[in-house]
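Novice: I have a structure I would like to understand better, so I am pasting it below and will then ask my questions one at a time.
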Ligand code: NDP
């Protein structure tokens, strides 16, 4: 099969396109013929070694496709089923063997491409807006990188929950997309905390969704209302340096959390609940997916260069 392999940590050039043997489904696993693979920022963290990952490995933690075979002991999923998964490496390939308990059904009214484009980021946006901080009607929320994969979903879901959304973006084209997704106000990154104060009459926002990290962290803290929540959920610009908790007091008894999707899909029930909520939004058109670019699998390197170069919008897919 066609696949990408990473033999050593490094830049996008370590994503090597190769031919290799099909994986065989072990006990408890299903073999999936991929229709599309989702590209996520976490793929960059694994590739660079920022997150530990033994090499060699086939990267990519999200995909959707059709079950080709099942391993010993697998029940509840069968060849021919349309499925998706996230959180297990190996999706930058034509086929992947995945633990059956990580696989979720894709409803008939959701395409496999849309499933690969929505599962990981959609469930993340779901837990951030429903669990980390349950957005209330009338809240003002700040979404960084509002035209990115996560940003466009967070913006739309916060709007569905009745919030006023302020988004940050780096270009006019990204501003247009953020506004199309429902952002009420869109600002640049320069001194965004002052802009947020101005736009909220000095009060600050109920929650900041910050996947940018090092570059925005201080301004995010300065943008909160008293007892607001800073959901630091990523580090696209780099890791936030060590931090004095006293700053949470100075910022207004605010809450800081660094959440992760794995801890919000701990049980099979929770995984199915969040995935079906996401697929229902997509099927009903309540959340619109913006697939910014579809790359051939062999062009995974270019996908990473574009993602890290801030040249992308919405979701990126690799087609096998
Ligand atoms: P995006 O599509 O949002 O791409 C990253 C965007 O971040 C860029 O387009 C850019 O938008 C912005 N950005 C700002 N500064 C930088 C920089 N120095 N380098 C690169 N990008 C920068 O990616 P994803 O939607 O895949 O992921 C967004 C974040 O969400 C990541 O941090 C990721 O790790 C995190 N995440 C966390 C999860 C969790 O459960 N904790 C799960 C899923 C994603 P602009 O040009 O407008 O600034």
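The values are calculated or read from the model by the stated rules, or taken from the named source; none is laboratory data. This structure is a prediction, so every number in the text was calculated from the model and none was measured. Glycine gets a Cβ as well: all are built from the backbone with ideal geometry, and neighbour counts include every protein chain shown.
Novice: Give the residues of the stretch 179-213 that are within 14 Å of the ligand (Cβ to nearest atom) and closer than 21 Å to residue 133 by Cα, sorted by residue number.
Specialist: Residues satisfying the conditions are 181, 183, 208, 209, 210, 211, 212, 213.
Novice: Checking residue 109 against (1) within 14 Å of the ligand (Cβ to nearest atom); (2) touching a helix residue (DSSP H, G or I) at 6+ places or on another chain (Cβ under 7 Å): exactly one of these is not met. Which one?
Specialist: Failing condition for residue 109: (1).
Novice: Here's a follow-up. Give the number of residues within the stretch 59-74 that are away from the ligand (no atom under 13 Å from the Cβ) and under 20 Å from residue 113 (Cα atoms).
Specialist: 7
Novice: Same structure again: Evaluate the stretch 115-124: report whether one residue or more is in a strand (DSSP E or B), touching a residue at least 40 places away in the same chain (Cβ under 8 Å) and away from the ligand (no atom under 12 Å from the Cβ).
Specialist: No, the stretch 115-124 contains no residue that is in a strand (DSSP E or B), touching a residue at least 40 places away in the same chain (Cβ under 8 Å) and away from the ligand (no atom under 12 Å from the Cβ).
Novice: Would you mind finding the one in 145, 163 that is touching a residue at least 24 places away in the same chain (Cβ under 8 Å), under 21 Å from the mean Cα position of the chain (by Cα) and closer than 22 Å to residue 291 by Cβ?
Specialist: 145
Novice: Sticking with this structure for a sec: Examine the stretch 33-44 for a residue that is within 16 Å of the ligand (Cβ to nearest atom), part of a loop (DSSP other than H, G, I, E, B) and modelled with pLDDT of 95 or more, and state whether such a residue exists.
Specialist: Checked the stretch 33-44: at least one residue is within 16 Å of the ligand (Cβ to nearest atom), part of a loop (DSSP other than H, G, I, E, B) and modelled with pLDDT of 95 or more.
Novice: Name every residue in the stretch 230-250 that is surrounded by fewer than 20 Cβ atoms within 10 Å (Cβ to Cβ), under 27 Å from residue 169 (Cβ atoms) and modelled with pLDDT of 95 or more, in order of residue number.
Specialist: Correct list: 237, 238, 239, 240, 241, 247.
Novice: Filter the stretch 53-104 for residues that are in a strand (DSSP E or B) and touching a residue at least 60 places away in the same chain (Cβ under 8 Å) and give the result.
Specialist: 84, 86, 93, 95, 96, 97, 98, 99, 103, 104
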